[in-house]
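Worksheet for the structure shown next.
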There are 2 protein chains.
Amino acid sequence: MKNTQIILAKRPVGVPGPEHFARREVDVGSPAEGQVLVRITHWSVDPAMRGWANDVPNYAPPVALGDPMRAFAVGDVLASKHPAYAEGDVVEGLLGWQTHALVEGAAIARKVTETDLPRTYALGILGLNGTTAYFGLTESCAAKPGDTVVVSSAAGAVGSAVGQIATILGCRTVGIAGGAEKKRQCLEEFGFDAAIDYKAEDVAEAIATHCPDGVDCYFDNTCGPISDAVMTRLAQGARITICGTAAVTEWDPIPMGPRVHRQLLIARARMQGFLIFDYKDRLHEARAALAGWLREGRLTVREHVLDGPDAAMDAIGMLYRGENMGKLIVAV
Amino acid sequence: MKNTQIILAKRPVGVPGPEHFARREVDVGSPAEGQVLVRITHWSVDPAMRGWANDVPNYAPPVALGDPMRAFAVGDVLASKHPAYAEGDVVEGLLGWQTHALVEGAAIARKVTETDLPRTYALGILGLNGTTAYFGLTESCAAKPGDTVVVSSAAGAVGSAVGQIATILGCRTVGIAGGAEKKRQCLEEFGFDAAIDYKAEDVAEAIATHCPDGVDCYFDNTCGPISDAVMTRLAQGARITICGTAAVTEWDPIPMGPRVHRQLLIARARMQGFLIFDYKDRLHEARAALAGWLREGRLTVREHVLDGPDAAMDAIGMLYRGENMGKLIVAV
């Protein structure tokens, strides 16, 4: 039995492309005591992988050259010598871009118990993306019924979940996305009350139109000019969650932008950084709520599934070029 | 009996100076039903007055030309036809730069009950400055024992109180002030663990030296380059309170500065605007704590008292030029 891997072959500068990866076949071993063998069916593609491919530690150490690319993945247990897992279990974790993972039990993040739902949800709406949206909105943004919630990257895996959860919580939602098709998605698929195409509209003017009483919560996935525009329309007591900074590609040296201090002071607003890793002991709360809403048909999930291992090689690039329409996944 | 007033004679651009004020004597009336006549003994000089003198509403409407300059003041009740106040009471409120205030009872903020302490404290450590320091530090910064607390304008009326309260709470304190004499005050009079003279030292380097484990709380009275330097040294979970922006003189258009988003994200830090008016129903809590510490000799207050009404005309300028050494007050 062969294990097909996509390995990091060359250290990228900026966004990794096909030239930085290679395909390799190795033998699949069998589990020693405490180990589990997983046949992986789906790989996740996430913005954080860009950092992992670089040579400097980010939230995690860099991936070593020659190793399978670090990635969240879901699959079936083929064989187990670990008491927590049995053959046939569906499991999820940082199992990497490979078809077979022979790992210590501790390397598995969890057993996927929502087996009535598509297993790919474990990588998106029930994984990093959905739980980030849930706690970022409910805890960091402290969204409450009646709030006006603005979301950037609103058609993305996190942003689309933020908008829908906000609607469920009784908020008014305004999504900001790039392009007419993503704007349509925001309105028709994800149910935002209003949407702004930042490539075609003046964001500050559009925010003024759609948020006449100001912005109570801003879930910021982009930083940059979009955020600068939203900041001019804060309501008293606004909460801004900084979840990502996708629009700013270089942070060394720190780029200049409009100072936020006076806007925060006048609105008595708060701006804070959010990372889902700080909620690792509470992920089950978010998953339970999200799975409930999925079963009730109150959450729409859009997935963009690439076919086969080789498609992974340019997948991170697709994400950064905004070419994906929904949660990006590789079916292996 | 004559009432001596310092009136706003001319609308200032920028910081008001002597040319914007005039002295006027008018007759003192006597209280009608519900009114109180106060003989004022001390006027406060506060940064917020700069905004009140301008033609645009800030937190309060502008002072009308020809009116006594709006200011906090303390004095003795000479006559009262209001049930809450009696002759001989010491009272405080926005009574203006005048020697006599004939006002509705509702215009008085409170009866000063800490009559064992200097009455000028009602304008500073037991007034706007001390209560701002107290809630800004305990609520907005959520300072806790063991935290490293950095304060800008550390020798000022708010900053010196922040540093001392933080010490009482069991924090390690680092004050940033301008000049050798203010640095000495921070260390010797206000008991900061370390102090930085931003005019003579590299603030980022000095913060690195004095805060080896990073900054847990930053009480920001300045904005500008000092704040930019502190932001490079945030500890995980840092809390930044924006209380004032004294170092930035012009906010239209919004000036550029280093983007704070990535620093907040990596440290999962929060930055928030603070205004004491939001705590108006809880001021008694702060006053009780502060008066207790004053009586125990645990708080040092430095006042800079100017002599006579005419000295008020350039007092706001003194404040903005950093010429005052302690809470600026006019004895009338």
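The values are calculated or read from the model by the stated rules, or taken from the named source; none is laboratory data. If you're wondering where the values come from, they're calculated on a predicted model, not measured in any experiment. Positions of Cβ are backbone-derived with ideal geometry, glycine not excepted, and every protein chain shown enters the neighbour counts.
Some points to look at:
- Residue match in region B:27-48 (condition: under 23 Å from the mean Cα position of the chain (by Cα), in the same structural domain as B:E104 (by TED's automatic domain parsing) and polar (S, T, N, Q)): yes
- Among the numbered conditions (1) touching a residue at least 12 places away in the same chain (Cβ under 8 Å); (2) among the basic types (K, R); (3) touching a helix residue (DSSP H, G or I) at 6+ places or on another chain (Cβ under 9 Å), the only one that A:R259 does not meet is (1).
- Restricting region B:268-284 to residues that are free of Cβ contacts under 8 Å to residues at least 60 places away in the same chain, farther than 14 Å from A:V260 by Cα and in contact with a helix residue (DSSP H, G or I) (Cβ under 9 Å, 6 or more places away or on another chain), the residue that is surrounded by the most Cβ atoms within 10 Å (Cβ to Cβ): B:A269
- Residues that are without any contact (Cβ under 8 Å) to a residue 60 or more places away in the chain, farther than 26 Å from B:D89 by Cβ and either in contact with a Ser or Thr (Cβ under 9 Å, 6 or more places away or on another chain) or buried (at least 18 other Cβ atoms within 10 Å of the Cβ) (or both), drawn from region B:21-47: B:R24
- Each residue in region A:227-272 was checked for being acidic (D, E) and over 18 Å from A:I207 (Cβ atoms), and 2 pass.
- If you check A:A133, A:A122 for being touching a strand residue (DSSP E or B) at 6+ places or on another chain (Cβ under 7 Å) and of a type in the set (A, V, I, L, M), only one passes: A:A122.
- If you go through region A:208-225 and keep only what is in a helix (DSSP H, G or I) and crowded, with 24+ Cβ neighbours inside 10 Å, you end up with nothing.
- Search result, residues across region A:248-278 that are under 15 Å from the mean Cα position of the chain (by Cα) and more than 8 Å from every other protein chain (Cβ to nearest Cβ): A:I276, A:F277
- Applying the criterion of at least 1 residues that are within 16 Å of B:D76 (Cβ to Cβ) and out of contact with any helix residue (DSSP H, G or I) (no Cβ under 6 Å at 6 or more places or on another chain) to the strands (runs of 3 or more DSSP E) found wholly in region B:1-48 leaves B:2-8, B:35-44.
- Answer residue from region A:294-307, given it is surrounded by fewer than 17 Cβ atoms within 10 Å (Cβ to Cβ) and more than 17 Å from the chain's Cα centre (by Cα) and is nearest to the other protein chains (Cβ to nearest Cβ) among those: A:R298
- Selection within region B:62-107 - surrounded by fewer than 16 Cβ atoms within 10 Å (Cβ to Cβ), in contact with a strand residue (DSSP E or B) (Cβ under 8 Å, 6 or more places away or on another chain) and either within 23 Å of B:A48 (Cα to Cα) or among the basic types (K, R) (or both): B:A64, B:L65, B:G66, B:D67, B:K81
- Filtering B:I165, B:I207, B:I226 for residues that are in contact with a Lys or Arg (Cβ under 9 Å, 6 or more places away or on another chain) and either more than 14 Å from chain A (Cβ to nearest Cβ) or of a type in the set (A, V, I, L, M, F, W, C) (or both) leaves a single hit, B:I207.
- The condition of being touching a Gly at 6+ places or on another chain (Cβ under 6 Å) and touching a residue at least 24 places away in the same chain (Cβ under 8 Å) holds for only one of B:T138, B:T167, that being B:T167.
- Taken residue by residue, region B:249-263 has no member that is under 20 Å from B:G146 (Cα atoms), surrounded by fewer than 24 Cβ atoms within 10 Å (Cβ to Cβ) and touching a strand residue (DSSP E or B) at 6+ places or on another chain (Cβ under 9 Å).
Yes or no, residue by residue, for (1) in contact with a Leu (Cβ under 8 Å, 6 or more places away or on another chain); (2) at negative phi:
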{"site": "A:D216", "(1), (2)": "no, yes"}
{"site": "A:M231", "(1), (2)": "no, yes"}
{"site": "A:T245", "(1), (2)": "yes, yes"}
{"site": "A:R268", "(1), (2)": "yes, no"}
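- Residues of region A:49-81 that are in contact with a helix residue (DSSP H, G or I) (Cβ under 6 Å, 6 or more places away or on another chain), β-branched (V, I, T) and within 24 Å of A:Y121 (Cβ to Cβ): A:V74 alone.
- Of everything listed in (1) within 14 Å of another protein chain (Cβ to nearest Cβ); (2) within 21 Å of B:N129 (Cβ to Cβ); (3) over 17 Å from the mean Cα position of the chain (by Cα); (4) not in a strand (DSSP E or B), the single unmet condition for B:R239 is (4).
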